[in-house]
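Asks: Let me give you the structure first, and then I'll get to my questions.
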Amino acid sequence: MWIEQRIWTAGNGWTGADTKGGTAASLVLYFAAPGAMAPDEILSTLRQRYGDAPIVGCTTGGEISGADVFDNSVTTAAIGFSKARIRVASRDLCDISDSRMVGAELAQELTEQGLKAIFILSDGTKVNGDSLVAGCLGALPKDVIVTGGLAGDGARFQTTAVGCDDTLRSGRVAAVGLYGDSLIIGHGSFGGWDEFGPPRTITRAVGNVLYELDNEPALDLYKRYLGEEAQGLPGSALLFPLAIRPHEGVVGGELVRTIVGIDETAKTMTFAGDMPTGHHARLMRGNFDNLVDGAGKAAEAAKTGAPCLAILVSCIGRKLLLGQRIVEEVEIISEALGGTASLIGFYSYGEISPHGFTGKCELHNQTMTITTIAES
């Protein structure tokens, strides 16, 4: 197995060592800041270098290459397998209600003998990530690992895009199927946020739109907790996500949900994933050291013990909170995985990974999620 990484910045153009192996690339991944480079130019550049290899990528809220974090760049990783196989598939979302169907269709198209894992990149603003994951899992054999993330658009939450053997476009969902007994797939996902305030019950919600907590308009209650920070909504909501769980007192099985929009008239909040009625919710805030430690725990869980490509999908909320310290979460991962891991990744609107406690694949928010790919 060989891996070649390159990065484009406005100041330096394309840089990176020429490490291509003797075989053709099996897969090319890229993560691009919106507007950094024309989508057609990204695709043509990668086609010129890697020929007919499958090329899959998305827009971001920040890019990761090696042990560093970039803005306004395009980062790429090509991987060539000696035995394993790759297939890619894509679908377009006409409406958010298509999410479950699209997840199922992609899984059905990629299911064949030897399927080991699926890595998904989805539009981040036109999808219900929970439904997408549920549809995919419902159509797959139980032992197939599913990971991935939702495309980003900085902190704007306006337009995201995904490319799958074509230029980036809005509403796209792409899936990469990885096949073969030679593959070693690792995964890890951890947060590091602290809960505060009393637990609340979700008394009214429809899908990913939250109407009421404890029979009170959700937005009103949320603003009371934020105080002066509420003036910065919806952007400041990235710093104060909600933890949800089926029953209060459940330890380790909570999910974190990020607010992606608010409706002042209806007094509702829209989240990146479902907010089931009857679940319990608590407000969260970031702790710098805990967030960095959480990234290290994700790396420990994802270790393969072999040279690997490590795909990092971290939440844009973590990047906004950590600020200048954001590189620390990537550095601790690099140290934990060792010198034989090649790191690439992006800051997202949602992360897809098996839960670190329950083992069930879920849509996560505000986590560092790592997928490691190696070949024996």
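Every number here is computed from the coordinates shown, using simple stated rules; none is lab data. Quick caveat: nothing in here was measured; it's all calculated off a predicted structure. Virtual Cβ from ideal backbone geometry, glycine too; neighbours counted across all protein chains shown.
Asks: Looking only at Gly11, Gly148, Gly171, which one moves most when the chain is put into a Gaussian network model with springs between Cα atoms under 10 Å?
Replies: Gly11
Asks: Counting just the Cα atoms, what span does the chain cover along each of its three principal axes? Round to the nearest Å and put the largest first.
Replies: Sorted largest first, the three principal extents are 63, 44, 37 Å.
Asks: Further, regarding this structure: Of Leu221, Ala104, Ala17, which is farthest on the positive side of the dipole of the chain, counting Cα position, with +1 on Lys and Arg Cβ, -1 on Asp and Glu Cβ, and the Cα centre as origin?
Replies: Ala104
Asks: Additional query: Mind putting together the pair-distance distribution for region 159-251? All Cα pairs, 10 Å bins, whole percent per bin, short to long.
Replies: Reading the bins upward from 0: 11, 28, 27, 23, 10, 1.
Asks: Then there's this: Roughly how far apart, in whole Å, are the Cα centres of region 248-318 and region 195-218?
Replies: What the calculation gives is 17 Å, centre to centre.
Asks: Pop out the ³J(HN,Hα) list for region 283-290 in order, Karplus 6.51 cos²θ - 1.76 cosθ + 1.60 with θ = phi - 60°, rounded to Hz; leave Gly and Pro as x.
Replies: Computed from phi, the couplings for region 283-290 are 5, 10, 9, x, 10, 3, 5, 5 Hz.
Asks: Residue by residue, what Karplus-based ³J(HN,Hα) values in Hz, rounded to whole numbers, does region 173-186 have, using 6.51, -1.76 and 1.60 with θ = phi - 60° and x for Gly and Pro?
Replies: 10, 10, 9, 10, x, 10, 10, x, 5, 6, 6, 10, 10, x
Asks: How would you rank Phe240, Phe196, going from fewest to most other Cβ atoms within 10 Å of each one's own Cβ?
Replies: The order, fewest Cβ neighbours first, is Phe196, Phe240.
Asks: Counting other beta carbons within 10 Å of each residue's own, what order do Lys223, Lys126 fall into, fewest first?
Replies: So the residues, fewest neighbours to most, are Lys223, Lys126.
Asks: Grab the DSSP H runs of the chain that are 4 residues or longer, score each as -39,500 (n - 2.57), total them, divide by all residues and round the 222 nm result to the nearest 500 deg cm²/dmol.
Replies: Rounded to the nearest 500, the figure is -6000 deg cm²/dmol.
Asks: I would also like to ask the following. Given C-alpha coordinates of region 222-376, what is the ratio Rg to Rh with the Kirkwood estimate of Rh?
Replies: 1.00
Asks: So what are the ³J(HN,Hα) numbers for region 56-63, from phi and the Karplus equation (6.51, -1.76, 1.60; θ = phi - 60°), rounded to whole Hz, Gly and Pro as x?
Replies: Working through the residues one at a time gives 10, x, 7, 7, 9, x, x, 10 Hz.
Asks: Let me ask another. So what are the radius of gyration and Dmax for the Cα set of region 1-160, in Å?
Replies: 16.4, 46
Asks: Looking at the chain as a GNM with Cα springs under 10 Å, which of Asn208, Asn128, Asn290 has the largest mean-square fluctuation?
Replies: Highest fluctuation among the options: Asn290.
Asks: On a straight-distance basis, which aspartates and glutamates could pair with Lys267 in a cross-link, Cα separation under 19 angstrom, same-chain partners fewer than 8 positions away excluded?
Replies: Within reach: Glu212, Asp214, Glu216, Asp220, Glu228, Glu229.
Asks: Quick one: of Lys83/Lys319; Lys116/Lys303; Lys116/Lys360; Lys297/Lys319, which pairs are farther than 25 Å apart, Cα to Cα?
Replies: Beyond 25 Å between Cα atoms: Lys83/Lys319.
Asks: Can you give the charge dipole size of the chain about its Cα centre, rounded to the nearest 20 debye, using +1 on the beta carbon of Lys and Arg and -1 on the beta carbon of Asp and Glu?
Replies: In total the dipole reaches around 360 debye.
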